[in-house]
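Beneath this line is the structure, given in C-alpha cells, with notes to follow.
The values are calculated or read from the model by the stated rules, or taken from the named source; none is laboratory data. What you see is a predicted model, and the numbers here were worked out from it, not measured in a lab. In this analysis, Cβ positions are derived from the backbone assuming ideal geometry, glycine residues included, and neighbour counts consider all displayed protein chains. Keep in mind that these areas ignore ligands, DNA and RNA; they rest on the heavy atoms of the full protein, side chains included. Shrake-Rupley method; radii C 1.70, N 1.55, O 1.52, S 1.80 Å.
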Amino acid sequence: MSNDSILDNLFKNYKVFIDTCTLMHVNRQAVTLLFQTIVSYSQKYRNPLIIPVRVIEELERNWKTKGVIDGVDVSGNAKSALDILERYKGCYDVKGERYDNHPDSVFLRVFQQHRFRYNLALITQDYRLSGDILNILKQQSIEKCEKTIKVFKMQMDGKLIDFEDYVKQNDAAQAQNSNKRHLNPSNKPKIKHKSFNAFSKVTQVPDTVVPVRSIPGENSSVKLSRGKIYLRKEIARGGEGVIYDTDTPYIAKIYKKELLTRRRIEKIKLILSKKLKYNGICFPEDALYNQYGEFVGYLMPRAPGKEIQKCLFVKPLLERNFPKWTKIDLVKLALTILDKIKYLHDHGIIMGDINPLNILVASSTEVYFIDTDSYQIDDFPCPVGTINYTAPEIQKKRFGDFLRTIGNENFAVATLLFMLMLPGKPPYSQQGGEDPISNILKMDFSYPFGELRNGKTPEGPWRFIWSHLFKQLKEAFYETFKKGGKYSTETSRLNVDDWIELFERYKHAIESGSMKKVDPMSLTLFPTRNRLYVDNSGVFKTITCIDCGKSFDVTNNDYENYNKNGYTIPKRCPECRRKKTKY
C-alpha cells in the first residue's frame, strides 16, 4: 500500500496519535516530510492529528536541557520538533490533562479507554510501546469490540509502514538482543530477508561454455529484444570482456568467448526477468545477440564517476579528486552506498564481490554500482571475491561452489564502511602482522576501543583518524572485527539497516555541531593528532589510584603520548608509579 493510501485511510477512519520519539527523530527532514503529507489529509477529513499534552511538555523539557547524548543533539531535535509543530499547527490538536503520567502511559490509557468508540492509530518508533498498544487487541473482554487499533513506524523518507507488516519482515529474536539496544534506541527488529533462505544449493544449470560463432567488436551491430544497435568505440577492457560505447544512451558489455557459459546466460536472463531498477545500480537492461542470434552480452546504463579504489583509497588521489571534502562528505557517501545495498538486500540480492573497483563515485550523493551481473541472485552464486571483503568463515573457499549468506555479506559491508572512514585502509592491516588472510581468520583487529588494544595499530594517520571517529561507530567496528566481539559472528553481524541508523546519527552529530564543540579536528579527513575529549581543561580522564586511592588527572597530551607509544592509561598515580619503579 502506498504512503498516500495509508494516510488517506488513517485520517478517514481513525483517530491518529503521534509520540515523542517520532517527533524527535534524528532525521529531521523525515519528520518534516511526514507533516507535509499529513496536513492535506488532516484537512481533507477535518480530522486533526492528536498529540498528548505530555508529549509537548516532554519536547519543551528536552529543549531546555541543552543536552547532547552519544553525539545526538537532544535539545536540537526537540527544538526542531517544536518548530515543525509551530509550522503545521493547523493539522493537529493537543489534548490531555496535567495529571497525566508519562506519555507512554497516556497512550495506553487512552487506547484502552476509547477502543470501543473509535478506530485508533499510533505513529511511533518505540518497539515496546508498539507491542503494548497492539496487545490491547488481544485482551479478553466480555464486550465484543468492532473497532480496531493500528500502529505505524515512520521510515527515513518520512513514509509510514504498518508495524505488523514491519515485524513480519524482521527477526524478532534479534530485536530482543539487549547487546544492540545502545545502537538501536527504538529497539527495532532486524529485517529478515526471507528470499536469502529460499535457496540452499547452487543452481543445477551447468557452468559449461556455449559455442558462439562470432564475437562482435567495434563498428559492428548487435541484436537486442527489439531491433539492433551499433557498437562504437571500446571504452574499457577487463577480465570478463569489453565495454563499448553504443549509438544509444547505454553502453554494452560483450563477454569473452570462453566465458559465455550456460550458467552466465541463464543468470542474465533471470536478472532481466526481475525488471530491477534503482538509481545508481547499473542492472542489465537488455540481452545482446550476434548476427546468428547467439547471446554475447548485455546492455546497461552509463555510469559517470571514478572507481573508489582510484579516487578515494589513496590520500593524494582523494585530495586531488575531492579537494573540498571533509568528514561529513565521507559519512554522506557511506549513506548513499548503504541506500543502494539496502535496495539489493530488500530484493534478496547479495553483492558478494564488494569490490572498490566496481563502485564509481561522482559525488558524496551520486554513486554507481557496476558489474552487477556478478551479484548472487536466487540460486546463482557470485563466482568472485576479494580477500579483504571475504568473511573469515568463507576464506579459502571456491566462491562459485556455494551460496553466500547475509551474514557473509554483512562482513563485506562492514569492511567497505571501515575503508571509507579510514580511506583505503583494510580493518585487518596492522603493524608487524601476518598476511591479510591470516589476520582475518584470526580476527586480529588492531584498533583500540577504550583501554582494549593489541598495540599493532598501523603507523601513520590511521590511529588519529580512528581516534576522531564517532564513538558508537568505533564500537560497532570493534565489536564486528574483534574476535569474540558482540557482532563478530556470521549470525550476529550488524545489517545494512543498523549501519544506516549509525551513520545517520554520525551525520547528525556533525551537522548539529556537537562534534565540533569537542574537537574541530574531528571534522577533517586526515587529523594530525588524537581527539581531544575535553574542550578547555585539557583533562582527558580523572583516575583513582589503585594503590593509594588518590585521584590524578591524565591530560590530553598524556593520552596522546600513551596512545602513540602503545601504552595503556596508568592505573597508579605518578607517586605510586615512582615507588613501584624504585623497588
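Think of it as helices only: each DSSP H run of n ≥ 4 in the chain is worth -39500 (n - 2.57), and spread over all residues that comes to -11000 deg cm²/dmol at 222 nm.
Using alpha-carbon pairs under 8 Å, 6+ residues apart, how would you state the relative contact order of region 313-375 in percent? Mind dumping the intermediate values first?
Details: 39 pairs, mean separation 19.6, N = 63.
After rounding, I find 31 percent.
With all pairs of separate Cα atoms included, region 4-47 yields a Kirkwood hydrodynamic radius of 11.0 Å. Here Met521 sits with roughly 40 square angstrom of accessible surface, probe radius 1.4 Å. Overall, the anisotropy analysis places the chain in the oblate class: the square-rooted eigenvalues a ≥ b ≥ c of its C-alpha gyration tensor yield a/c not less than 1.5, with a/b not exceeding b/c. Ranking Val16, Val74 by solvent-accessible area of protein heavy atoms (1.4 Å probe, all protein chains present), from largest to smallest, gives Val74, Val16.
Rounded if a/c is under 1.5, else prolate if a/b beats b/c, else oblate: with a ≥ b ≥ c from the C-alpha gyration tensor eigenvalues square-rooted, which is region 383-440? Don't skip to the end; give the middle numbers.
Values: a/c = 2.49, a/b = 1.44, b/c = 1.72.
Oblate, since a/c reaches 1.5 and b/c is not below a/b.
Looking only at the chain, where both bridge partners belong to it, what percent of the DSSP beta bridges are antiparallel (to the nearest 5)? Can you show the working numbers first?
Values: 46 of 60 bridges.
Looking only at bridges with both residues in the chain, the antiparallel portion is about 75 percent.
These residues, Lys486, Lys517, Lys397, go from largest to smallest accessible area, 1.4 Å probe, as Lys517, Lys397, Lys486. Heavy-atom accessible area with a 1.4 Å probe sorts Lys483, Lys159, largest first, into Lys483, Lys159. Dividing the mean sequence gap of close Cα pairs (under 8 Å, 6+ apart) by how many residues region 436-495 holds gives a relative contact order of 28 percent. Dipole check for the chain: with +1 at the C-beta of Lys and Arg, -1 at the C-beta of Asp and Glu, and the Cα centre as origin, the magnitude is about 700 Debye. Within the assembled protein chains, the solvent-accessible surface assigned to Val242 is about 10 Å², based on a 1.4 Å probe.
Remark: the Cα gyration tensor places region 359-412 in the prolate category, a/c being 1.5 or greater and a/b exceeding b/c. Electrostatic bookkeeping for Gly407 treats Lys and Arg as +1 and Asp and Glu as -1; over the other residues with beta carbon under 9 Å from its beta carbon, the sum is -1.
Taking the centroid of alpha carbons for each part, region 231-272 and region 420-450 are 36 Å apart.
Compute the relative contact order of the chain as a whole-number percentage, counting only Cα pairs closer than 8 Å that sit 6 or more residues apart in sequence. Walk me through the numbers on the way to the answer.
On the way: 990 pairs, mean separation 58.6, N = 583.
For the chain, the relative contact order is 10 percent.
A probe of 1.4 angstrom, applied to the heavy atoms of all protein chains, finds Trp325 with accessible area near 40 square angstrom.
Per residue, the Cα convex hull of region 252-400 amounts to 135 Å³.
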